[in-house]
Every structure is written in structure tokens, then in C-alpha cells.
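Engineer: I have a structure I would like to understand better, so I am pasting it below and will then ask my questions one at a time.
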Amino acid sequence: MDSTRKEWLLNALIAGALFAVPLWAWLANEPFIITLATRIAILAIAAVGLNIALGLGGMVSFGHALYLGLGGYVAGIAAHHAFHGTEVLGLPGTNQMLPIWALAMVLSGLVAGVVGALSLRTSGIFFIMITLAFAQMGFFFALSWPAYGGEDGLPIFVRNQFPGLNTARPWDMFLLAYAVLMLCLLAFAGLRAARFGAALMAIRQNPDRAAALGISPFGIKLVGFVLSGMITGLAGAMMADLTRFVSPAMMAWTVSGELIVIIILGGVGRLFGPVAGAAILVGFEVFFGGLTEHWKLWLGLVLLGVVLFARGGLIGLLAGRVRHGG
Amino acid sequence: MTLALVLEQLLNGVQFGLMLFLMSAGLTLVFGVMGLINLAHGSLYMIGAFLCAAVAGASGNFWLGLMAGIAAAAAAGALIEMVVIRRLYARDHLDQVLATFALILILSEGVRMVFGPFPLYLNVPSALRGTVSLGIVDYSLYRLALIGFGLAVALGLWALISKTRLGIRIRAGESDREMIAALGVNIRALYTIVFALGAGLAGLAGALVGAIQSVQVGMGEPVLILAFVVIVIGGIGSIRGAMVGALLVGVIDTMGRFLLPRFFATFMDTSQAMGVGAALASMLIYLLMALVLIFRPKGLFPAHG
């Protein structure tokens, strides 16, 4: 079996398992496991977003927590004003997920546009540090801005609504997250197959040759970065609704690091890499977190081992290393 | 707002800037010579602070603690370089970020396992307690000593790099790694020495700052990120750039936190002005960094032309 077919089989297995396990938990009345699967799905959405910048475009953004937090605060602030019946900038709050998601994506996209336009003037190590610094700027802003809880964060008392679902029920929330994840993966696959994706990957592999072919690296990369931020922002809005809480901790630099770790554990640039990586990270936390309070030490050792000796992540390990440009 | 208060804040800014310089100097050297981005630099700062606090607490002597902190950080740096970092020089920046991120997890949990989850406290050495009169302001003697320390180390570093054989090798390593290896310099040993030197400086900064803050796990990362801002502003690989960047960041951050809330209070109600002022002040240095990037994308003092 060639490795492309192997990867598709593996993808189908991962997608099936992420559905089957919570389905079993729903039947067995284990809401904790459903919520865990929902968290994996939402983290995977965030990482699919980052995978556009990192996997396709080779842009190592160390600041994607910024978009996660922005999306989270859109959900939190909208729900806050809807709950208290107050207005923000002349608009009423809302407890409907669809307008919240739209706003979260637009806002994340705008901020990613500004951050990207500045950061993409540089490359390599500068790019990593600058995206990190912009995320820290957002983190400290959220920390010291008192109107929405500052350091204490902002609770969402009632989970926002989605037409036709009762989002307060874990199973409904899972279905929603799973559906959005599948849509995002479809969008990622479409993007990768499209001319735009080909251009983005060409720029990653050799910016000079791409430029010689008439592809403007800056414009294409910026669009990729904005799309990436938008999807991560969407995940942020969903994450805030899942935990019914948003705080500056969502923008912490460690979260940006974890998003990269998810992609690396799963496999860079792979369609299902983020899903596999999110499942490994959450699984690791739950399993080893139950055994020892020092589980992060073990996570660090595993991560170090993967980086030094097993590049390609889980999917690379199981499906083989294919299409280095892929 | 009196002149004395402004002067005190200005001195605090300079002191903060010089401690940032100690952090940034190591980072920028490691990048300049080895082309490596080291996120775990903040962990070495933490190791310096913990060892200093532990040894000073046990022996009652701050200076013994300081020596232990520097030595421990430098030794940890040399060990990490030989076991992990050495394998990363030929890798891309993504691998370097991930491996050193993993090192942060390992070192932070390791320190938590050894020293427990609670913060340690480190007392200012008795000879440096109290204040000293600087004409219009009484200033903390310890903070003044930190300024002196920072300047002395900066001077020493300058002398090391421009006047000694090791310094020549470091500068040669910055401009052409393959060539100096071909000329017979033991490049592996040089890398280990540079890394340990940077680690020792980070440990020194951690130990010195540990006496005015609490010594706890995670203390290194906020400083690490500020050091990134410093070297982006100064130009990666440039020690002189790190000095200028560190002083700019230290003074602007400190003065912003002091002045902005007072500025907004002149036309807003006080509690609101505090909030807006504090929020904006926390973003100032990042805005400065953005401005530098717009006009000088390689930083103020680009290392290689």
C-alpha cells in the first residue's frame, strides 16, 4: 500500500475514532469524555488554522494564542452584554454563536492582517520573536484592561446558542465542534489543492524561484497568515463557550507553544496532523496528569524526543514520510 | 508629581534595562555565533535565582549564593549545550523553538520537583540594605548597586569580546563559522563556551533580580520575552544593539507605567485613567518594537551590515 493511501486510511481512522469514542460516551452517559473529545476537536480547529501558516506557508508563528484569545473575548464580551442587557460600542450583545463566530473571524483576520503585514517584513528568527511579542502585547492588554475582568477573566454564565441545538448538552456541543472541525479540514484540503495553496507552498520551498515565476511572496503569505488567524479565532470563540470562561491565560505564550506542539506531534502540513496532535496532547495531559503532578516534565521529554529523533510526527511515523513538499 | 519621583522612576528604568541587558547579551551572542534561537534562556535565569536563593538561605551569605547561581546556570548551560543544543545547530528554527520549548517544560518541572511548588525568598545582602541620598532623592542602595553591576559586566563583556583571544574567536565565529573551523579553532568547544557564558549571564541576572522579586518557577519567561523584544529592537547578534535596546525598553516601560496613568488622569476620572493608562503602558514597548521594524527591519544596530 503506498503511503498516500495509508495516510487516507489513517485519516479516516482518526476521524472515525474522534466520533466513535464520544458516541460511546454519550450512550454510556459519560459526559466528561464527551467534553474531552470536544476539547480535542476545538484545539484541532485552532491548530488547523495554524497549520495554514506553519505547514503550508512555513511561517513559524509563535503568537497564535493571540487569535485564540481574541475569538474567546468576542464570545465572552458578546455574552456578557447579552446577559446584562447592555450595549458595547452602540451594539447590543448577543448569545447567538453564528454572529459571534463571524465577528471573531473578522476581528482575528483584521488583527492578523496588521501583525502579518509588520512581521512578514522580516523572516526566520525575527518572525518568530515578533509574532510572539505581538501576542504578548495582547496578553498584557487583556491582563490590565479592567472592563472585562482583567486578570480574573470573564465568565460566560449561559453557553451561547446555536439554531436547532441545545448547546448546554455536551453531546450537542460535541456535534457542533466536530462538524466545524470537518468543515475546517475540508477548507484546508481545498486550500492546499488550490492554486493559492500551491503558490503558498512554492514560496515556502523557494521564495526566489516563486518570485521568478511571478508569485508575489508578501501578498500570498499575508493572505495565508490572515486565513490562519481567522480559523484560530473561530476556535477561540468555541473554546470560550466550551469552558464558559475566557481569561488572559488563553493568550499566554505557552498556548502559542502548545499549538505548535500539537502540529509537530501530529505531523507538519498533514491534513489530519492537528487532529492527531490535539488528541495526543489532551490524552497525555489526562493520562499522565492523573499519574503524576509533574506530567509536564514527561511531555517535555517526549517532545524533545520527537523533535530530535522522530520528525514527521505520529502521521509521519504511521503513514511514512511522503511528499516532502506536501 | 515631583522631580524626585521622576528621577527615582528613571533610575528604576535604567536598573531594569541593565538587568535586561544581561539576559539579552547571552541570547544575542548565542544567536550571533551559533544561529540558534534559545527559548530556554529564561530557564537558566530561573536556575540562577533558585540556586542563589537556596545557597544564600543555607549559608546566610548572599555573595556565596550569587557565585553558586552563576556557576549553576553556566554549568546547566554547558550541559544542555552538549546534550541537546548541539544537535540543533543544523536544524531549522522551528525545530530549535520546539526543542528549547521542551527544555523549558523539563527545566521548570525539574526545578519544581527539587525546590517544591512555593516561591523562595532571597534577602538583599546586609551591606546593600537601606537607601542612599542622591541629592534630591533617597534611592535604594541595592538598586543602585545593580546599576553599577550591570555597567561593570557590560564593560567586562566588551573587554572580553574586543580584547581577548576568546573574543576574537567569538567575533570570527559570528562572521564565518566554517572558516574559523577550517583555521583549526575547536568550534565545538567554542560553542559550548559561548553558550555557558550566555547562561552564566542569565543566571547572574536571575540571582540579582531574585533579591527584589520572589524566586519562583516561571519567573524566567516574562524576562525572556522582553529580552526578545530587546534584541529585535537592537538588531540580532549585536551586543551594542542589546545594550541600547535594553536601556530603551527598561526606561520606556518603567516611565510609561509611571506617567501614562497620571497623564490620562488629567482629563479622565482617576480609576478609569489608571485602567487605560496601565493597559496602554503595558503595550508601549511592543509598539516601539513595531515602529523600529517599520523603519529599520533589521533592528537599530544590524550585526552584519
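The values are calculated or read from the model by the stated rules, or taken from the named source; none is laboratory data. Predicted model, so just to flag it, every value in this text is computed and none were measured. Here the Cβ positions follow ideal geometry from the backbone for every residue, glycine too, while neighbour counts run over all protein chains shown. Remember, those area values only see protein heavy atoms, side chains included, never the ligands or the DNA or RNA. Shrake-Rupley method; radii C 1.70, N 1.55, O 1.52, S 1.80 Å.
Engineer: Using a 10 Å cut-off on Cβ to Cβ distances, tally the other chain neighbours for every residue of B:84-97 and report the average as a whole number. If you can, show how the numbers build up before the last one.
Structural biologist: Values: counts 3, 0, 0, 4, 2, 0, 0, 3, 3, 8, 11, 5, 4, 10.
Averaged over the peptide's residues, the number is 4.
Engineer: In chain A, which whole DSSP H runs stretch at least 24 Å along their own axis (Cα) and average 0.0 or higher on the Kyte-Doolittle scale? Please report the intermediate quantities before stating the final value.
Structural biologist: Details: long enough: A:3-27 (35 Å, 0.87); A:31-51 (29 Å, 1.83); A:65-84 (28 Å, 0.91); A:97-119 (31 Å, 2.00); A:124-144 (31 Å, 1.97); A:170-193 (34 Å, 1.65); A:217-243 (39 Å, 1.34); A:273-291 (26 Å, 1.65).
Helix filter hits for chain A: A:3-27, A:31-51, A:65-84, A:97-119, A:124-144, A:170-193, A:217-243, A:273-291.
Engineer: Hey, how many Å between the Cα centroid of the range A:169-238 and the Cα centroid of the range A:243-318?
Structural biologist: What the calculation gives is 20 Å, centre to centre.
Engineer: Additional query: Given only helices, namely DSSP H runs of n ≥ 4 each adding -39500 (n - 2.57), what is the per-residue ellipticity at 222 nm of chain B, to the nearest 500 deg cm²/dmol? Walk me through the numbers on the way to the answer.
Structural biologist: Details: 11 runs with 228 residues, N = 305.
So the calculated ellipticity at 222 nm is -26000 deg cm²/dmol.
Engineer: Here's something else I'd like to know. At 1.4 Å probe size, with no ligands or nucleic acids counted, give the accessible surface of A:Trp295 in Å², nearest ten.
Structural biologist: In the full protein context, A:Trp295 sits at about 40 Å².
Engineer: Another one. Which value at 222 nm does chain A reach when only helices count, each DSSP H run of 4 or more adding -39,500 (n - 2.57), with the total divided by all residues and rounded to the nearest 500 deg cm²/dmol? List each step's numbers first, then the result.
Structural biologist: Working: 13 runs with 233 residues, N = 326.
After summing the helix terms and dividing by the residues of chain A, the value is -24000 deg cm²/dmol.
Engineer: Leaving ligands and nucleic acids out of the surface, order B:Val97, A:Val106 by accessible area at 1.4 Å, largest first.
Structural biologist: Numbers: B:Val97 5, A:Val106 85 Å².
My answer, sorted largest first, is A:Val106, B:Val97.
Engineer: Separate question: Per residue, how large is the accessible surface of the range B:100-185? Use a 1.4 angstrom probe and give square angstrom. Intermediate results must be reported in sequence, preceding the final value.
Structural biologist: Values: 4850 Å² over 86 residues.
That works out to 56 Å² per residue.
Engineer: Rounded, prolate or oblate: pick one for chain A, where a ≥ b ≥ c are the square roots of the eigenvalues of its C-alpha gyration tensor, a/c under 1.5 means rounded, and failing that, prolate if a/b is larger than b/c, else oblate. Please list the in-between numbers first.
Structural biologist: Numbers: a/c = 1.57, a/b = 1.17, b/c = 1.35.
Because a/c hits 1.5 or more and a/b fails to exceed b/c, chain A counts as oblate.
Engineer: Got the relative contact order for the range B:136-267 handy, in percent, Cα pairs under 8 Å and 6 or more residues apart? Intermediate results must be reported in sequence, preceding the final value.
Structural biologist: Values: 43 pairs, mean separation 13.1, N = 132.
Dividing the mean separation by the residue count of the range B:136-267 yields 10 percent.
Engineer: To continue, here is another question. If I model a spin label as a point 7 Å beyond the Cα along the Cα-Cβ vector, how far apart are those points for A:Ala187 and A:Val158 in nm?
Structural biologist: The modelled label-to-label distance comes out at 2.8 nm.
Engineer: Against the longest principal axis of chain B, how steep is helix B:3-34, in degrees 0 to 90 to the nearest 10, with axes from Cα atoms?
Structural biologist: Roughly 10 degrees, rounded to the nearest 10.
Engineer: Follow-up question, since we're still on this one. Does the range A:1-96 classify as rounded, prolate or oblate by the C-alpha gyration tensor (a ≥ b ≥ c root eigenvalues; a/c under 1.5 gives rounded; else a/b over b/c gives prolate, otherwise oblate)? Let's see the in-between values first.
Structural biologist: Details: a/c = 3.67, a/b = 1.44, b/c = 2.54.
Oblate, because a/c is 1.5 or more while a/b does not exceed b/c.
Engineer: Given a Förster radius of 35 Å and the C-beta distance between A:Leu291 and A:Leu318 as r, what FRET efficiency does 1/(1 + (r/R0)^6) yield to the nearest 0.05? Don't skip to the end; give the middle numbers.
Structural biologist: Details: r = 25 Å, r/R0 = 0.72.
The formula returns an efficiency of 0.90 here.
Engineer: How large, in percent, is the carbon and sulfur part of the accessible surface of chain B at a probe radius of 1.4 Å? Can you show the working numbers first?
Structural biologist: Numbers: 8240 of 12330 Å².
Its accessible area is 67 percent carbon and sulfur atoms.
Engineer: Could I ask something else about it? Please report the spacing between the Cα centers of the range A:1-31 and the range B:109-150 in Å, no decimals.
Structural biologist: 55
Engineer: To the nearest 10 square angstrom, how much accessible area does B:Leu201 have with a 1.4 angstrom probe?
Structural biologist: 20
Engineer: Okay, next question. I'd like the residues of the range A:221-262 whose 1.4 Å-probe accessible area shrinks by no less than 50 Å² going from the isolated chain to the full set of protein chains.
Structural biologist: A:Trp253
Engineer: What angle, in degrees between 0 and 90 and rounded to the nearest 10, separates the Cα long axis of helix B:239-265 from the longest principal axis of the Cα atoms of chain B?
Structural biologist: Between helix and principal axis, roughly 20 degrees.
Engineer: What are the residues of the range A:81-129 that lose 10 Å² or more of accessible area, with a 1.4 Å probe, going from their chain alone to all protein chains?
Structural biologist: A:Leu118, A:Arg121, A:Thr122, A:Gly124, A:Ile125, A:Phe126, A:Ile128, A:Met129
Engineer: Could you report the buried accessible area between B and A, both sides summed, computed with a 1.4 Å probe and given in Å² to the nearest 100?
Structural biologist: Its buried surface, counting both partners, is about 4000 Å².
Engineer: What's the FRET efficiency of B:Arg86 with A:Val88 using the Cβ-Cβ distance as r and R₀ = 56 Å, to the nearest 0.05?
Structural biologist: Numbers: r = 53 Å, r/R0 = 0.95.
Approximately 0.60, to the nearest 0.05.
Engineer: Same structure again: If you average the sequence gap of Cα pairs under 8 Å that are 6 or more apart and divide by the length of chain B, what percent do you get for the contact order? Display every interim value, and only then the final one.
Structural biologist: Values: 486 pairs, mean separation 102.7, N = 305.
Once normalised by length, the contact order is 34 percent.
Engineer: A:Leu242: accessible area at probe 1.4 Å, nearest 10 Å²?
Structural biologist: Using a 1.4 Å probe on the heavy atoms, I get roughly 20 Å².
Engineer: Please calculate how many Å² of accessible area the range A:152-268 carries per residue, with a 1.4 Å probe and no DNA, RNA or ligand atoms counted. Walk me through the numbers on the way to the answer.
Structural biologist: Numbers: 4650 Å² over 117 residues.
Here the per-residue accessible area is 40 Å².
Engineer: May I pose another question? On the protein heavy atoms, probe 1.4 angstrom, tell me the percent of accessible surface of the range A:3-319 carried by carbon and sulfur. Mind showing how you got there, number by number?
Structural biologist: Numbers: 8740 of 12620 Å².
Carbon and sulfur atoms account for 69 percent of the accessible area of the range A:3-319.
Engineer: With angles folded into 0 to 90 degrees, how steeply does helix B:187-210 sit against the dominant principal axis of chain B? Use alpha carbons for both and round to 10.
Structural biologist: Result, in degrees: 20.
Engineer: Report the relative contact order of chain A, percent, no decimals, based on alpha-carbon pairs under 8 angstrom and at least 6 residues apart. Show your work: numbers first, answer last.
Structural biologist: Numbers: 524 pairs, mean separation 105.7, N = 326.
Across chain A, relative contact order equals 32 percent.
Engineer: Then there's this: What are the residues whose amide H is under 5 Å from the amide H of A:Gln96, where those residues sit 5 or more places off or on another chain and H is modelled from the backbone?
Structural biologist: HN-HN under 5 Å from A:Gln96: A:Gln161.
Engineer: In whole Å, what is the distance between the alpha-carbon centres of the range B:26-75 and the range A:77-97?
Structural biologist: Distance between centres, Cα-based: 49 Å.
Engineer: Still on this model: Using a 1.4 angstrom probe with every protein chain in place, what is the largest-first accessible-area order of B:Leu51, A:Leu118, A:Leu98, A:Leu27?
Structural biologist: Putting B:Leu51, A:Leu118, A:Leu98, A:Leu27 in descending order of accessible area: A:Leu27, A:Leu98, B:Leu51, A:Leu118.
Engineer: Lysines near A:Lys221 by alpha-carbon distance under 29 Å, same-chain residues fewer than 8 away left out - which ones?
Structural biologist: Reachable lysines: B:Lys298.
Engineer: Another one. Order the following by accessible area, largest value first: B:Asp92, B:Asp176, A:Asp152. Probe radius 1.4 Å; ligands, DNA and RNA are ignored.
Structural biologist: Details: B:Asp92 85, B:Asp176 65, A:Asp152 125 Å².
Greatest to least solvent exposure: A:Asp152, B:Asp92, B:Asp176.
Engineer: Taking accessible area as the heavy-atom solvent-accessible surface of the protein chains with a 1.4 Å probe, which residues of the range A:274-317 lose no less than 30 Å² upon going from the isolated chain to the full protein assembly?
Structural biologist: Buried by the other chains: A:His294, A:Lys296, A:Leu297, A:Gly300, A:Leu303, A:Leu304, A:Val307, A:Leu308, A:Arg311.
Engineer: So how far apart, in nm, are the two label points at A:Phe32 and B:Thr2 if each is 7 Å from Cα heading toward Cβ?
Structural biologist: With each label placed 7 Å out from Cα toward Cβ, I get 6.0 nm.
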